[in-house]
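Following: one structure in structure tokens, then a few remarks.
The values are calculated or read from the model by the stated rules, or taken from the named source; none is laboratory data. Predicted model, so just to flag it, every value in this text is computed and none were measured. Note: ideal-geometry Cβ built from the backbone for every residue, glycine included; neighbour counts use all protein chains shown. Remember, those area values only see protein heavy atoms, side chains included, never the ligands or the DNA or RNA. Shrake-Rupley method; radii C 1.70, N 1.55, O 1.52, S 1.80 Å.
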Amino acid sequence: MPGKSTPANAPASQNTTPKPASAKTARQPTRGKTDAPPRFPIDWEAGHGAITGPLAMASNAAATAALGTAFDLPTLWPAAVAAAGVLSHGLIAPLRRGAVWSTIAARVTGWAFAGTWCSAAIASDPRHWTGSGWGWAAGTLAAGTMLVGGMAVEADLREEAADEDARAEVRRQINGARWAIAKEWIARIKAVTGVQVQAVGLTQRPDGTGFALEIALPEGSPASKLAGHNVALAEAARLPAGCLVQIVPTAVQGHVLIDVDTVSTADQVHTYGDDFSRRSVLDGLPWFVNRNGKPINVFVRESCALILGPMGAGKTTLFDAILAGFCRCDDVLTWVIDLGKEGDAARPFLAPWLESTGVLPPPPNQDRLPAGIKPGVDWVASTPEQALAMLKAAETVAKWRLGAYAELMRRADTKLLPVSPRIPFIEIVVDEGVEMLSYAGKDPIKKQLGPQLIRLMETTRGMGIRLVLTAVDGNNTALTDSRIRKYSNIRIALTATDAECAGPAKLFGSLRGLDITQLTAPGSGVAGAKIPVGGFDPQPIRTVRTAPSFARTAVAATNSWRAVLEPQAAHLIGAAYARRWEREQCGWLFGDPT
């Protein structure tokens, strides 16, 4: 989602450029002769058209005449059958579907001609025809077939014209309804803001929960004149509680998008779904959804992320979605630091590994996972000593990569290490990491954690190491360190239980175009990303709901492709990494007392 984003229901006037096909997809193998499709495939289930219908009529009439003559059937028998066809296929069927009269005339004529010709042919007994008799029969049959064919072609043209008129009428009605909404909001904007704007386009959401109105500002009136009036516009429209009016810039200067909720989506529940397909960190990862329920991809290759979430705001489910997204990537290693809960934040993503090795039983009514399941998180630090060892290990890996892959980056003409399954991106997720930065005690180990975190944020971007930091609220004094904001260009503030809206204010400052007080539904929040690729302005988001089995499913589904650390890097780190899953290092995972 490169560049500045707009809501998913933006008008069609905001075009997007399709991505060019890659060489990989463009070079498809040539089909062999044995599996080549027919050059002119025939759809045997298709109905008759203006050409095949009259031809079928002629062939059936000739066959019926031959059959009637051979079996000495009554002369009027074909006429009786034709009368039934006129009634059912010529009149009742087209009238029921609202066909035009030219279609009815073509069908009635076809049945009437075929029945009359058959009866006449049987009466004259084709067995006694001479050359002139055969010529008469063939000529009249051909003439009738051409007549009916011409009427069928005319009927098709008139049917298409009638269909187009009906479609045009539907479009007129829809456009009329849209124009009525647009005129109402143009007048409302004038009354509330004093600015006379012009409607450019209006697009309604497919689910009926709102619409987006694109407007053009008059010359000399900047978009800032509308900023901050979103609450007044929502109140003037008497929107239900929980509905927002967002004022969003568009790709055209002087145009603004008014995104309006007409139905509160607070009761809607969004799940992650069952898509655990293979991805890359370069593709962006779906962490949450927008107001329309569409996933928003977050690109973390070059930026750290900062998440603020009070208790009960949905931070745990967001944490699950983040870790599951990293599991799906074949070029990511995830390391977790959790000092507050002693590693428990990562437990769901480690339990499948323990289950597959027989340490834990499978969930009730579930088969045990097969042997060979790897931990869904590559390394977990639950103590300050382990956390410091992990952070120093990341710094060691970054320094080693700088020299080891210098030639690779030179050949790729880039200053960013090309991450891949062989050279994995390392994401360090620090639960309550901002609290680590604000430590003011005397513990010598804890005092080193903050500076080490900052150093990683400052120096390891090029070598494929980034961090996700979380905090309970936005009042933490650690956020006053300007370096936290500088390197955390992906920011998320959950608001469901943030009555004072401290999180969004702390992360984004004044959000004049967004009424945060309406974002009280479970998992609600604000997210924004000031990054070169995939950036988006601060906008309302919702976290997805995850079931207790979510992590188990994610870890098992992605086990075959999750990356491993380069052997040289693992050797440089030494025992801290090699012994990370020994019971002495992670006894909490096995239920050992601490």
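Below 8 Å, C-alpha to C-alpha, sequence gap of six or more: please give me the relative contact order for the stretch 450-564 in percent.
Once divided by the residue count of the stretch 450-564, the mean separation gives 19 percent.
Can you give me the accessible area per residue for the stretch 347-419, using a 1.4 Å probe, in Å²?
Value returned for the stretch 347-419: 50 Å² of accessible area per residue.
Projected onto the charge dipole of the stretch 285-400 (+1 at Lys/Arg Cβ, -1 at Asp/Glu Cβ, origin at the Cα centre), which of L285, C327, G376 gives the Cα projection farthest towards the positive end?
L285
By its C-alpha gyration tensor, with a ≥ b ≥ c as the square roots of the eigenvalues, how is the stretch 357-435 shaped: rounded for a/c under 1.5, else prolate for a/b larger than b/c, else oblate?
oblate
Please identify the trypsin sites (Lys or Arg not before Pro) of the stretch 232-311 that satisfy two criteria: DSSP loop assignment and at most 10 other Cβ atoms within 10 Å. Which are they?
Passing sites in the stretch 232-311 are R238.
Note down, for the stretch 215-371, the three equivalent ellipsoid semi-axes (square root of 5 times each alpha carbon gyration tensor eigenvalue), biggest first, whole angstrom.
For the stretch 215-371, the ellipsoid semi-axes come out as 42, 19, 15 Å.
Given K442/K486; K374/K415; K415/K530, which pairs have Cα atoms separated by over 25 Å?
Over 25 Å apart, Cα to Cα: K442/K486; K374/K415.
Which whole number of Å³ per residue matches the convex hull of the alpha-carbon atoms in the stretch 334-484?
With only Cα atoms used, the stretch 334-484 gives 143 Å³ per residue.
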